[in-house]
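Notes follow once the structure below has been shown.
The values are calculated or read from the model by the stated rules, or taken from the named source; none is laboratory data. The structure presented is a predicted model; accordingly, all values stated were derived computationally and were not measured. FYI the Cβ positions are ideal-geometry reconstructions off the backbone, even for glycines, and counts take in every protein chain you see. The protein model used for the area step is the full one, side chains on, heavy atoms only, and it has no ligands, DNA or RNA in it. Shrake-Rupley method; radii C 1.70, N 1.55, O 1.52, S 1.80 Å.
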Amino acid sequence: MMRLQKYLALSGVASRRNSEKLISEGHVAVNGKKVTEMGVQVDEMHDRVTVDGRTVHPETEKHYLAYHKPIGEVTTSSDPEGRDTVMDKFRDYPVRLYPVGRLDYDSEGLLLLTNDGELMNHLLHPSHEVSKTYLVKASNQVTDEEIARLRAGVMIDQKLTSPASVRLIRRETFDTVLLISIHEGRNRQVRKMLEAVGHQVVHLKRVGFGPIELKDLPLGQWRRLTEAEVNRLKAL
C-alpha cells in the first residue's frame, strides 16, 4: 500500500507536489471513483488508478536524460501560443518523460528529463538546495562591488535572494561574462539579479544542474545519463 500521490510520482505522471494538485483538481480516479482528497492509500497490485481516464502504473524501468535546450522552446508539453516545446523532441520516446523544472524560453542549456517522479520531486524541493549553474553574458562592465552584491543577495520581487556563487570569467568594454550558481528556483531569477545591480542579460546558458554538467552536448541533442551520474543525483 502507498499514498496515491506517491503512486502517481512513481508512475512518472508528475512530481509528488504536482500529483497532489492533479488529485485536488479532480483528474485522478481509483477503481473508477474520482478522488479529490489527500491521504488515500492504493494497492499497487489490485487497484486501478487513472488520470483523466488513462490508466497509469509505476514504471519499473526509469529513464534519465540530459538535453541541450535551444533558445525558442518552452519547457511544457504544449503551448497555447503555438511555440515549439521541449517535449516535441521526445514525442516518440518509448516512455513519457517530464522535465525537471523549467528553463526560460529565451535561455538555452542543460535540462534534465525523467520518468522518475520521486527523484524529480526531491531535486526540485527547496529544502534540498540543488544548485543550478549558468554562464551569463551581461551588458557593460559588472564591477567587483556589484559581483559582491550578487554573492551576498539582492532584492528581487520584494524578497532577498539567497547567497550565490559568482565567478568572473571575462570583463570587457561592453559586456561581462560570469559563472553564477544558485539553488533557488524563482522565476527568471538570474536575469532579475543582474537587473537589480543595473545590468541586462545578453545571453544565458545553463551549464550545470547539481553534479550534472552540459559540457560538449550539442545544441538540440540529448543523451542518457550514466549510472554514476544518476547515483550522484540520488545522493543529493
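Name the residue, out of A164, A29, A14, whose mean-square fluctuation peaks in a Gaussian network model built on the chain with Cα pairs under 10 Å. Maximum fluctuation in the GNM of the chain, among the listed residues, is at A29.
Find how many whole Å separate the alpha carbon centroid of region 162-202 from the alpha carbon centroid of region 23-71. Centre-to-centre distance over Cα atoms comes out at 38 Å. Oblate is the label for region 67-155, because a/c, from the alpha-carbon gyration tensor with a ≥ b ≥ c as root eigenvalues, is 1.5 or above and a/b does not exceed b/c.
With R₀ set to 25 Å, the beta-carbon distance separating S162 from E213 gives a calculated FRET efficiency near 0.70.
Short-range pairs are left out: with C-alpha atoms under 8 Å and at least six residues apart, the relative contact order of region 96-213 is 35 percent.
Under the criterion of Cα pairs below 8 Å and six or more residues apart, the relative contact order for region 17-101 equals 16 percent. All Cα-Cα separations within the chain were binned at 10 Å from zero, giving a P(r) of 7, 28, 31, 22, 9, 3, 0, each value a whole percent of the pairs.
Which of the lysines could a cross-linker bridge to K137, judged by Cα under 28 Å and excluding same-chain residues fewer than eight apart? The qualifying lysines are K69, K89, K159, K192, K205, K215.
Across region 92-105, rounded Karplus estimates of 3J(HN,Hα) from the backbone phi angles (6.51 cos²θ - 1.76 cosθ + 1.60, θ = phi - 60°) give 9, 5, x, 10, 7, 9, 9, x, 8, x, 10, 9, 3, 3 Hz, Gly and Pro being marked x. Taking all protein chains into account, the per residue accessible area for the chain stands at 53 Å² (1.4 Å probe). The local environment of R171, defined by Cβ-Cβ distances under 15 Å, has a net charge of -2 under the rule Lys, Arg +1 and Asp, Glu -1. Maximal additional length on extending the R83-M45 stretch stands at 9.6 nm, based on 0.36 nm per residue less the C-alpha distance. Under a 5 Å amide H cut-off, with hydrogens placed 1.01 Å from N, V207 pairs with L110, T133, Y134, L135 among residues at least 5 apart or on other chains. Each Cα pair under 8 Å and six or more residues apart adds its separation to the average, and for region 1-153 the resulting relative contact order is 23 percent. Mind listing which GluC sites (Glu not before Pro) in region 97-132 are in a DSSP loop and have 12 or fewer other Cβ atoms within 10 Å? Counting only loop positions with at most 12 other Cβ atoms within 10 Å, the GluC sites (Glu not before Pro) in region 97-132 are E129. Taking Cβ atoms as reference points and 13 Å as the exclusive limit, the residues near H183 contribute a net charge of 0, counting Lys and Arg as +1 and Asp and Glu as -1. Counting only DSSP H runs of at least 4 residues, each contributing -39500 (n - 2.57), and dividing by the residue count of the chain, the helix-based mean residue ellipticity at 222 nm comes to -6000 deg cm²/dmol.
Largest mean-square fluctuation among G12, G109, G198, in a Gaussian network model of the chain whose springs join Cα atoms under 10 Å apart, belongs to G198.
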